[in-house]
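The values are calculated or read from the model by the stated rules, or taken from the named source; none is laboratory data. Just so it is clear, the structure is predicted and the values come from calculations on it, not from any experiment. Quick reminder, even Gly has a Cβ in these numbers, built from the backbone with ideal geometry, and neighbours come from all protein chains shown. What goes into the accessible areas is simple: the full protein's heavy atoms, side chains included, and nothing from ligands, DNA or RNA. Shrake-Rupley method; radii C 1.70, N 1.55, O 1.52, S 1.80 Å.
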Amino acid sequence: MLSEKDFIFKNNSNELENGIFQWSSPSNIALVKYWGKKENQVPANPSISFTLNNCKTVTKLTFVKKETNNNFAFDLLFEGKSKEDFKPKILKFFERIFEYCPYLKDYHFTIDTHNTFPHSSGIASSASGMAALAMNVMSLEKILNPSMSDDYFYQKASFLARLGSGSACRSVKGSVVVWGKNDSISESSDLFGVEFSATIHENFNNYQDTILLVDKGEKQVSSTVGHDLMHNHPYAERRFEQAHDNLSKIKTVLENGNLDEFIQIVESEALTLHSMMMTSMPYFILMKPNTLKIINKIWKFRTETKIPVCFTLDAGANVHVLYPENVVNEVLQFIKNELVVYCQNGHYICDEIGSGSQLIMQ
Ligand code: PMV
């Protein structure tokens with residue numbers, strides 16, 4: 001079992017003066033939710049997610065060796081323009097991973113990044129953004145230490161991404177990713193995400209996620225604050241146990257393809273996540289009236305048609321509508337006829353299961 005120490009960079013066997021890489025990393029949607037953490041971004045409970053395919057961050061990292069190595073030096077471009085507001089988050093990320101990547105102070109970096117989804121969509125870009133940056137850092141490290149294995153490359157990339165933003169560690173590799181130690185998945189770890197290794201039932205091939213953009217504004221409560229409120233939360237311990245149970249249940253469901261059970265676990269997880277927010281102190285609500293209207297419409301449609309469509313939520317008001325590929329026409333028609341009216345400016349994004357980060361340029 002790998003520990004934190006195994007991710008400390010030892011020595012350069014190679015020198016590198018400058019270079020350029022580009023990676024894309026997708027967003028992911030949790031089925032069993034991560035909510036609550038310990039020190040150093042260790043999750044309070046395990047989670048599992050579908051990797052998305054279309055909602056991505058694309059990040060190009062250009063670097064040149066500098067004279068001194070006593071500080072971090074980088075420029076940040078977002079959609080081609082300098083973006084000072086994003087710099088503190090990146091600096092914090094570099095500070096957190098420096099212990100594991102001491103070569104970071106040897107270079108001046110230009111980080112040139114954009115998302116394939118609109119910035120003001122209410123879709124969190126921290127998971128895809130931190131993952132894309134971590135992939136680029138690992139490409140650099142791989143040149144300094146060419147002997148590293150592919151497994152180590154992806155494990156350390158996920159380990160670094162986790163230190164940037166917890167759920168980012170699930171955006172590195174694989175279409176279904178588990179993060180957090182759980183007895184039913186022997187290779188699972190609190191330190192990085194692992195690809196779900198059992199054979200996934202064909203019902204989940206190209207599983208669809210249509211993201212209904214109910215509210216594109218900034219969240220009133222950040223996920224950092226939300227995670228923190230799980231400390232001293234009256235239901236926290238029971239919730240963490242429940243996540244362990246749901247993870248082992250969903251593992252079986254992903255193997256046997258039972259969509260009724262899948263729906264039950266996934267919707268219960270979404271509502272439990274929001275119940276934790278409503279029962280913390282201070283309490284808060286991130287759903288909007290239209291979130292509830294959509295949920296009720298989905299329930300009615302499912303009862304009437306027996307089409308296995310369900311919803312999940314992340315830490316916001318938007319609704320992810322999940323369904324198998326073979327009902328895509330019926331569900332898209334339903335979304336257009338009945339749900340689009342609840343979306344801000346009628347906006348929604350069609351996505352589906354993807355396979356993880358991709359190297360675009362080296
Ligand atoms: O990675 P963070 O700290 O933004 O937390 C994400 C939390 C949820 O999206 C609500 C759940 C999850 O597992 O992704």
* What residue, among those in the range 280-335 that are open to solvent by 30 Å² or more (accessible area, probe 1.4 Å) and hydroxyl-bearing (S, T, Y), is nearest to F262 (Cα to Cα)? -> T303
* Asked: Picking from F9, F94, which residue would you name as being in contact with an Asp or Glu (Cβ under 9 Å, 6 or more places away or on another chain) and of a type in the set (F, W, Y)?
  -> F9
* Cβ pairs under 6 Å, 6+ apart, first in the range 161-183 and within 19 Å of E39 (Cα to Cα) and more than 11 Å from the ligand (Cβ to nearest atom), second open to solvent by 10 Å² or more (accessible area, probe 1.4 Å) and not in a helix (DSSP H, G or I) -> K181/D190
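Condition first: within 16 Å of the ligand (Cβ to nearest atom) and open to solvent by 30 Å² or more (accessible area, probe 1.4 Å). Can you find one or more residues in the range 254-264 that meet it?
For the range 254-264, residues within 16 Å of the ligand (Cβ to nearest atom) and open to solvent by 30 Å² or more (accessible area, probe 1.4 Å): absent.
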* Structure fact -> Sole miss for W35 among (1) outside any strand (DSSP E or B); (2) over 15 Å from the mean Cα position of the chain (by Cα) is condition (2)
* the range 314-337: number of residues that are away from the ligand (no atom under 16 Å from the Cβ) and closer than 15 Å to I123 by Cβ -> 1
* Within the range 230-249, identify whether any single residue is within 14 Å of the ligand (Cβ to nearest atom), in contact with an Asp or Glu (Cβ under 7 Å, 6 or more places away or on another chain) and assigned by TED's automatic domain parsing to the domain that holds E338, and answer yes or no. => yes
* To do: Among the residues of the range 301-326, count how many are outside any strand (DSSP E or B) and of a type in the set (A, V, I, L, M).
  => 4
* **From S189, S167, residue being at pLDDT 95 or above, open to solvent by 10 Å² or more (accessible area, probe 1.4 Å) and of a type in the set (S, T, N, Q)** => S167
* Please tell me if F240 is open to solvent by 10 Å² or more (accessible area, probe 1.4 Å), in contact (Cβ under 8 Å) with a residue 60 or more places away in the chain and not polar (S, T, N, Q). => yes
* Which one of T51, T68, T62 is at pLDDT below 95 and of a type outside the set (D, E)? -> T68
